[in-house]
Amino acid sequence: DAMVIQNPRYQVTQFGKPVTLSCSQTLNHNVMYWYQQKSSQAPKLLFHYYDKDFNNEADTPDNFQSRRPNTSFCFLDIRSPGLGDAAMYLCATSNGRGNQPQHFGDGTRLSIL
Amino acid sequence: KQEVTQIPAALSVPEGENLVLNCSFTDSAIYNLQWFRQDPGKGLTSLLLIQSSQREQTSGRLNASLDKSSGRSTLYIAASQPGDSATYLCAVQEAGTALIFGKGTTLSVSS
């Protein structure tokens, strides 16, 4: 089945140690998104790629970066994770922007020691 | 700035009951509204998407309505089952790409 796959499902890192989360998709969608969801909170968009065009949300901390080497893969890099970055990170894709449904992966739960 | 509110935050019902989850949004200039299901520790599963020009969508035991002018949507679940236990999130999409989510309603259906 076509899908959005996130690896790993659970990630533990140390305070200040860089970490990378991975997302891949077999839907061949041209838009990929990263959302952050803290405990009992609503998911919040960090940034998205429209093809290779990177779009950062205004309030996304500089600590968060992203790479999209090809259509299928997108990475979320956290340069110096703080305790406040512990959250579920959700990757989504859509076939175009605007009025298109977004398809989500199972998420990566990030813990900071 | 768009805000999405879901009431109640939590709901417990016995198996077999029909129930309604509520979602409200502050700005009616939306492209669409989506309802998602989230199981504990998991990602989001899309349940229903209602375009701004539509009034409702149905899938199996689920029916979602949209009243854009009043900024409201409801998700109706018929004949609830224990397997329906999850958090239900609604999200609106405006002119842009971000989905703006509510915090969700956590549903528990007891057998």
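A cut-off of 5 Å between modelled amide H atoms, ignoring neighbours fewer than 5 places along the same chain, links B:Gly104 with B:Gln6, B:Cys90. Summing charges over all other residues whose Cβ lies under 9 Å from the Cβ of B:Ser65, with Lys and Arg as +1 and Asp and Glu as -1, gives 0. Compactness of chain A is given as radius of gyration and Dmax, 13.2, 40 Å, from Cα positions. Projecting label points 7 angstrom from Cα along Cα→Cβ for B:Ser108 and A:Gln14 puts them 3.9 nm apart. Compare A:Ser24, A:Ser80, A:Ser39 in a GNM of chain A, Cα atoms joined below 10 Å, and give the one with the largest fluctuation. Highest fluctuation of the listed residues: A:Ser39. Using a probe radius of 1.4 angstrom, the carbon and sulfur fraction of the accessible surface of chain A is 48%. Given A:Lys44/B:Lys1; A:Lys17/A:Lys44; A:Lys44/B:Lys42; A:Lys52/B:Lys103, which pairs have Cα atoms separated by over 25 Å? Exceeds cut-off: A:Lys52/B:Lys103. Could you identify which residue out of B:Ser28, B:Ser69, B:Ser52 has the top mean-square fluctuation in a GNM of chain B using Cα springs shorter than 10 Å? Highest fluctuation of the listed residues: B:Ser69. The contact between chain B and chain A removes approximately 1600 Å² from the accessible area (both sides summed; 1.4 Å probe; ligands, DNA and RNA excluded). May I ask you to give the percent of accessible area on chain B that is carbon plus sulfur, with a probe radius of 1.4 Å? The computed percentage sits at 47. If you wrap the Cα atoms of the range B:1-86 in a convex hull and average its projected area over all directions, you get 5.9 nm².
Across peptide B:92-102, the average count of Cβ atoms from other chains found within 10 Å of a residue's Cβ is 6. Please state, as a whole number in µm²/s, the translational diffusion coefficient that the Stokes-Einstein equation yields for the protein assembly as shown at 4 °C and 1.567 mPa s, with Rh defined as the Kirkwood radius across alpha carbon pairs. The calculation lands on 72 µm²/s. So which residue, out of B:Ala98, B:Ala29, B:Ala79, gets the largest mean-square fluctuation from a GNM of chain B using Cα contacts under 10 Å as springs? Checking each option, the largest mean-square fluctuation is seen for B:Ala98. The tail of the calculated P(r) for the range B:38-111 beyond 22 Å holds 25 percent of all Cα-Cα pairs.
The values are calculated or read from the model by the stated rules, or taken from the named source; none is laboratory data. All values reported here derive from a predicted model rather than from experimental measurement. Neighbour counts are summed over all protein chains in view; Cβ atoms, including those assigned to glycine, are modelled from backbone coordinates with ideal geometry. The protein model used for the area step is the full one, side chains on, heavy atoms only, and it has no ligands, DNA or RNA in it. Shrake-Rupley method; radii C 1.70, N 1.55, O 1.52, S 1.80 Å.
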